[in-house]
Structures are given as C-alpha cells and as structure tokens.
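Enquirer: Pasting in a structure now, in structure tokens, and then I'll have a few things to ask.
Just so it is clear, none of the values below were taken in a lab; they were calculated from the coordinates. These numbers come from a predicted model, not from an experiment. Neighbour counts run over all protein chains shown; Cβ positions are idealised from the backbone, glycine included.
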Amino acid sequence: MESNGGADESSRLLHELQSLKDSKRDIEARISVIEAQLQQIQSNQHSNNESPAVSSNGVSEFGHDLTPDMIYRYSRQLLLPSFGVQGQSNLLKSSILVIGAGGLGSPALLYLAACGVGKLGMVDHDVVELNNLHRQIIHGEAYIGKSKVESAAAACRSINSTTEIVEHKEALRTSNAIEIVSKYDIVIDATDNAPSRYLISDCCVLLGKPLVSGAALGLEGQLAVYNYNGGPCYRCLFPTPPPTTACQRCSDSGVLGVVPGVIGCLQALEAIKLASLVGEPLSGRMLLFDALSAKVRIVKIRGRSLQCEACGENGLTQQQFQQFDYEKFTQSPLAVAPLKLKLLTSDSRISSKEYDELIKKGSPHVLIDVRPSHHYKITSLPKSINIPLASLESRIPEVSSELKSVQESNGTLNGSDAGLYVVCRRGNDSQRAVQLLHKLGFTYAKDIVGGLESWAREVDPKFPTY
Amino acid sequence: MQLTLEFGGGLELLCDSVKVHSVDVDLPAEEKKLTMKHLLAWVRNNLIKERPEMFMKGDTVRPGVLVLVNDCDWELSGQLDTTLENKDVVVFISTLHGG
C-alpha cells in the first residue's frame, strides 16, 4: 500500500512539475515578445524625438543609421577598424537563412542573432530530443518534445530582441524552397543529409544566393562557401552523389558535441563576412577540421564547372528544380529515418516479447549481440555474447562452443534443443547475421525483431536507449 | 618514392583506422614517373583492408571522395594523370553530410 502511495505521489509531482515547466516556458516566450515590442516602441521614439540629427532618409549627420542603442550594443564590432560602422550597417541590412536548427545551426543562430543581422530565418521540422542537447546548445531541457524552430527562435529573441526572427516550422522541399530561400540574401546549410545538401545548393544556384555549407561527423568537420562570385557550387564538386553506405549519420556513427559547434561557429563567421562585405570568403577553398589531431587544413578546390548540371552552361531551370527527385537522386530520405530492413521470413524471427517469455521459461539458448564492441559497452542484455557482425564468420567456433556448453549444462546432449538468437540495436544487422548463420549451417538461428530498441519499448522501459 | 598519404571523413576505417601513412611506393616497371592512377592501384592493393568499393569505383575514387595533392584538388592537376613527386602529400577525404 505504502509503495503504491509513493508511486501516486511521485506521479502527481511529476505532473505538477511538467505543468509548471510548461507555464514557465509560455511566460518566457511571452516576455521575449513583449520585450521585443517595447524595444521597437522605444527605438521608434528615439528616432522620432531624441535623435533630431537623423534626417528624413534615416541617415544621421554621422553618415550612418545606427541608433544610440545599436552603437552601444555593437560597440566592440564598431571598434574593429576592418569591420567598423560600415560592416555593421551592412550586417543590419542583411538577411540570413539557417537551414537546420541542430548541431551546426545552434551556434550559427546564436552568433547571428547576437551580432546584429537584420533578419534571421530558421528552417526545421524536427522536435527537440534529450539526445540532441549535448551538441544542439541552443535548446534546453524545457523544450524537449517541442519544435526546434520555436525553441531556437525563443533563444535568439532573448539574446537580441531587435533582430527580426522568422520561423519556418517545416522541412525544406522542392515545393517550398524557392519561396523561402528567395526572402534572404545568404543561406547557411546546417542540415544533416545528402539530399538536402543537393536541394539547397541547387536552389541557391537558381536564386543566385551565396551558400555557407558546413558538415560534421564523429571528430571531423568540413566547411566551404559555394555559389559565390563565380565560384563553384556543391554539384561542381560532387556531381554524383555518394553511395548511401558512405553517408554516415550522427545517430549511427556518433559525434562529439563541440565538433559541429566549431563548424557552426565558422559558418556564422563566413555568413557575417559575406553580409558585411568584410574579408575574404572561403570560396573555391574548403576547410577540413580534424578534432582528434587538432589539425585544420585549408585546401584549394576546383572552380565552377561549365558541365555542372546546376550552374553550368545548361543549368537547372526553376521547373526542372521543382520536379527534381532529390531522394531518388541520392537514394536516401530527406528526413532522416532509420533504415528498416526485411531480409528474413517471419519463422526466422521472434519479437522481443517472445524472447522475454523464453527467458522466463528458462529455455536453453545462446544470445549473440552483433553490435560493434563500443556499442556493447554502453548497454547489453544479460548473458548475451558480443560478436560484432564484421567478425562473426571468423568467430563461428565460439558460437559452436557456447551452444555446446549451454546444451551440456542443461543435460540435453542430443544437441538440437538450445536455441540460437541474434540481437543488435535496431534489428537490421541481426538479420544480416542470421542470414550468414543460416548459410553456415545454423538453420535454426533467429533474430529479435527491432533489436534492443524494441526490447526497451516493449519489454523493459528502464533498458537504456541511445 | 616517399609519400605521405592521409585518409579522412571515415575513409580511414577502410585501412585499420590509421589516418596518416608514410609510405615508399616503387615506380611501376618500365615507367619513368608515378601518376595518381598508379598510386590508387597501389593504395587499393596495399592499404585498403576492407570494402574496397567504399574507396574506388572503376579505376578512380568513388563519388563523394575528394583527392588532394599537396592541399590542392586533383581536378586542378589532371586527376588520374597527376604526376607525383618525392615527399608529396596526398589526402583522400570522404565528404561529410552530418550536422
């Protein structure tokens, strides 16, 4: 009874906590809106009453249109001889679109909001998840489950209520790209997949917008400015998309949070240079960042190609762009969704619930976990044996000896009673492994459908997912 | 001929996760110079330990791999016909898409 009461109490508290957090977030959003309105009114009053030096065309006697508030806020940039009033004025008149409010977009958006861009747009269809927070530093715990764009916009407004923030809560597609991108001067590609990269580059070519493209994975990052001042576009460099097996994702290969952070900051920097007309953009060059060895390498890349299908002599038309199938071209989806293979027939598979029953019955079996060993170290099922898929074929004797010892300890010496099951993270590699085991004579081997993710979902909600 | 070969963007996984290789590549028989075409065949035979299709397609690198000879895109030096000199640095890097 008492423990039940405790459970009730904790669920009531959790509920109250969540509703308080929701109210807090609403209030904070409201505060930043009101602050922005107030700021607007005050700056209007400033220019109407207190700054008689400003003439009707908005240019003061000092030859610029910075208000006293702007001068104070951006003073450290105005003090830079190579940036100064002219750079800041250019920046304040510019508009920048950041596509993707994730690991790259987070720092890019924060710096662009802070530095005084006139209009800052953001595109993302995704929601914030707990496993985003280590790198997507613009988002906080209070926004888990909420729109990334809403979260990022609130953060940007709280830093700088004088920048116009535009929210595009949708995925960028051929149907909406032209309309969205045409409203901005400069585009930042902070997405995480190949089809989006081609789509964004082609759209920028079509509309004549410079593109600041960044990418990060694991402990490496890459950065380049495309379609700038006669320089190459993304397709000049990569006319043919890579095979899908070469397109690793952060959710599979991992990424150290600060690595996209570094690249996202550099993207903001390149965009600021383009917008303020200061410095030399990274066009016709590419920056390669290797965090592990602390190496930054800047290499010279090819120029614009006359044969380029996007920006060459017979380039893409608006109509061709809108009809182009980027998912088919790159053979991967625009929205990153995990692969779901179906290689085995249902009699070679069991569900995680069925496997749970099997354990409860004490049915003798061997469970092989075919994930890479660094995955196995994160979490694993009790009594599972880790043999990564890549080494399964060479380690078959271990499988045989495990089966033998299970059979012996259960006294079933005829050798056909112990089951052989295979598990992985999501249920793809386990199917590949079972196919291999079937080929090698273990015809009774089965895999667990949906892998450990399904185990956590269907059987043990406390089992860690990653 | 002494060369430094570097692999990045995930290509190092194909050669035992070693990124930098200092190698000594012999000139092919009856040839006076070493070209990138020779070097690619040499790399495939001597350094690539698994999934060679992730490195090469036909006689060149697969789509999505940038080749840099002394920090310069090999498109600018003649691609497969690029002639290599002693102590050159050749970088093979796979383009990244993550973010």
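Enquirer: According to the Kirkwood expression over distinct Cα-Cα pairs, how big is the hydrodynamic radius of segment A:88-179, in Å? List each step's numbers first, then the result.
Expert: Working: mean 1/r = 0.0760 Å⁻¹.
For segment A:88-179, inverting the mean 1/r across all distinct Cα pairs yields 13.2 Å.
Enquirer: Sequence-distant or interchain residues sharing an amide H contact under 5 Å with residue A:420, placed H: which?
Expert: Here the answer is A:366, A:446, since their amide H atoms fall under 5 Å of that of residue A:420.
Enquirer: Now for a separate question. Can you give the longest run of chain A that contains no GluC sites (Glu not before Pro) sitting in a DSSP loop with at most 11 other Cβ atoms inside 10 Å?
Expert: A:62-312
Enquirer: From the phi of every residue in segment A:360-372, what ³J(HN,Hα) in whole Hz does the Karplus formula 6.51 cos²θ - 1.76 cosθ + 1.60 yield, where θ is phi - 60° and glycine or proline is x?
Expert: Per-residue couplings from phi come out as 4, 6, x, 5, x, 6, 10, 10, 9, 9, 9, 6, x Hz.
Enquirer: I've got another one for you. Which ³J(HN,Hα) values, rounded to whole Hz and listed in residue order, are derived for segment B:16-29 from phi using the Karplus coefficients 6.51, -1.76 and 1.60 in 6.51 cos²θ - 1.76 cosθ + 1.60 with θ = phi - 60°, glycine and proline given as x?
Expert: 6, 6, 9, 8, 10, 10, 8, 10, 10, 9, 7, 5, x, 4
Enquirer: What value, in deg cm²/dmol to 500, does the helix sum -39500 (n - 2.57) over DSSP H runs of n ≥ 4 give at 222 nm once divided by the residues of the protein assembly as shown? Intermediate values should be presented prior to the final figure.
Expert: Details: 19 runs with 196 residues, N = 565.
When only DSSP H runs of four or more count, the value is -10500 deg cm²/dmol.
Enquirer: Can you tell me, using C-alpha contacts under 8 Å and at least 6 residues apart, the relative contact order of chain A as a whole percent? Provide the component values of the computation, followed by the final result.
Expert: On the way: 791 pairs, mean separation 53.4, N = 466.
About 11 percent, as a whole number.
Enquirer: Rg and Dmax of segment B:2-94 over Cα atoms: what are they, in angstrom?
Expert: 12.1, 35
Enquirer: Between residue A:298 and residue A:351, what FRET efficiency follows from the Cβ-Cβ distance if R0 is 56 Å, with the result rounded to 0.05?
Expert: 0.60
Enquirer: Based solely on C-alpha atoms, express the radius of gyration and the Dmax of segment A:244-314 in angstrom.
Expert: 15.7, 42
Enquirer: Another question about this same structure. Going by how many other beta carbons lie within 10 Å of each one, how would you line up B:18, B:67, fewest first?
Expert: Ranking B:18, B:67 by Cβ neighbours within 10 Å, fewest first, gives B:18, B:67.
Enquirer: Looking only at other chains, what is the average number of their beta-carbon atoms within 10 angstrom of each beta-carbon in B:87-97?
Expert: Per-residue shielding by partner chains comes out at 6.
Enquirer: Relative contact order (percent) for segment A:346-459, with alpha-carbon contacts under 8 angstrom and 6 or more residues of separation? Each step should come with its number before you reach the end.
Expert: Working: 168 pairs, mean separation 41.1, N = 114.
So the answer I get is 36 percent.
Enquirer: Return the FRET efficiency for the residue pair residue A:159, residue A:85: r is the Cβ-Cβ distance, R0 is 30 Å, and the value is rounded to the nearest 0.05.
Expert: 0.85
Enquirer: Along the charge dipole of chain A, which of A:123, A:171, A:263 sits closest to the positive end, that is, farthest toward it, with unit charges on the beta carbon of Lys, Arg, Asp and Glu (+1, +1, -1, -1)?
Expert: Working it through, the farthest residue towards the positive pole turns out to be A:263.
Enquirer: Put +1 on the Cβ of every Lys and Arg and -1 on every Asp and Glu Cβ in chain A; which of A:368, A:233, A:385 then has its Cα farthest towards the positive end of the dipole?
Expert: Of the candidates, A:233 comes out farthest on the positive side.
Enquirer: Right, here's the next one. Treat the count of other C-beta atoms within 10 Å as a stand-in for reagent exposure and order A:144, A:27 from fewest to most.
Expert: Exposure proxy ranking, most exposed first: A:27, A:144.
Enquirer: Right, next: Could you run the Debye sum over the Cα atoms of the protein assembly as shown, one equal point scatterer each and no solvent, and tell me log10 of I(q)/I(0) at q = 0.06, 0.07, 0.10 Å⁻¹, two decimals?
Expert: -0.40, -0.54, -0.98
Enquirer: Here's a follow-up. Of B:37/B:57; A:353/A:383; A:146/A:183; A:209/A:273, which pairs sit farther than 20 Å apart, going by alpha carbon to alpha carbon?
Expert: Listed pairs above 20 Å: A:146/A:183.
Enquirer: Is the shape of segment A:156-310 rounded, prolate or oblate, going by the alpha carbon gyration tensor and its root eigenvalues a ≥ b ≥ c, with a/c under 1.5 for rounded and a/b larger than b/c for prolate?
Expert: Since a/c stays below 1.5, the shape of segment A:156-310 is classed as rounded.
Enquirer: For residue A:95, what residues show an amide H to amide H distance below 5 Å, using hydrogens built from the backbone and excluding near sequence neighbours?
Expert: HN-HN under 5 Å from residue A:95: A:119, A:185, A:186.
Enquirer: Quick one: compute the contact order of segment B:2-94, relative version, from alpha carbon pairs under 8 angstrom and 6+ residues apart, as a percent.
Expert: Across segment B:2-94, relative contact order equals 41 percent.
Enquirer: Trypsin sites (Lys or Arg not before Pro) within segment A:339-398: which are DSSP loop residues with at most 14 other Cβ atoms inside 10 Å?
Expert: A:340, A:342, A:361, A:377, A:383
Enquirer: A further question follows. What is the Rg over Rh value, at two decimals, for segment A:346-459, using alpha-carbon atoms and the Kirkwood definition of Rh?
Expert: Here the Rg-to-Rh quotient is 0.93.
Enquirer: Continuing with the same structure: Treating only the Cβ of Lys, Arg, Asp and Glu as charged (+1, +1, -1, -1), what charge dipole size does the protein assembly as shown show about its Cα centre? Round to the nearest 20 debye.
Expert: Roughly 280 debye for the protein assembly as shown.
Enquirer: Provide, for q = 0.13, 0.17, 0.29 Å⁻¹, the log10 of I(q)/I(0) from a solvent-free Debye sum over equal Cα point scatterers in segment A:227-282.
Expert: At q = 0.13, 0.17, 0.29 Å⁻¹ the computed log10 ratios are -0.55, -0.85, -1.06.
Enquirer: Another question about this same structure. Where nothing but the Cβ of Lys and Arg (+1) and of Asp and Glu (-1) is charged, how large is the charge dipole of segment A:346-459 around its Cα centre, in debye to the nearest 20?
Expert: Using only the charged Cβ atoms, the result is roughly 240 debye.
Enquirer: Taking amide hydrogens as modeled 1.01 Å from N in the peptide plane, which residues meet the under 5 Å criterion relative to residue B:98, leaving out close sequence neighbours?
Expert: Those qualifying (amide H under 5 Å, at least 5 residues apart or on another chain) are A:216.
Enquirer: May I pose another question? Segment A:369-422 to segment A:24-40: how many Å between their Cα centroids?
Expert: First find each Cα centre; the distance between them is then 58 Å.
Enquirer: In debye, nearest 20, what is the charge dipole magnitude of segment B:2-94 about its Cα centre with +1 on Lys and Arg Cβ and -1 on Asp and Glu Cβ, if you could check?
Expert: It works out to roughly 200 debye.
Enquirer: Follow-up. Taking every eigenvalue of the Cα gyration tensor of segment A:271-349, multiplying by 5 and rooting it, what semi-axes result, largest first, whole Å?
Expert: Working: eigenvalues 271, 126, 36 Å².
After scaling each eigenvalue by five and taking roots: 37, 25, 13 Å.
Enquirer: Would you kindly derive the ³J(HN,Hα) couplings of segment A:176-193 from the backbone phi angles with the Karplus curve 6.51 cos²θ - 1.76 cosθ + 1.60 (θ = phi - 60°), listing them in order in whole Hz, with x for Gly and Pro?
Expert: Each residue's phi maps through the Karplus curve to give 10, 4, 4, 4, 6, 5, 5, 7, 10, 8, 9, 10, 10, 8, 10, 8, 10, 8 Hz.
Enquirer: Between 0 and 90 degrees, rounded to the nearest ten: what's the tilt of helix A:396-409 against the longest Cα principal axis of chain A?
Expert: Once rounded, one gets 50 degrees.
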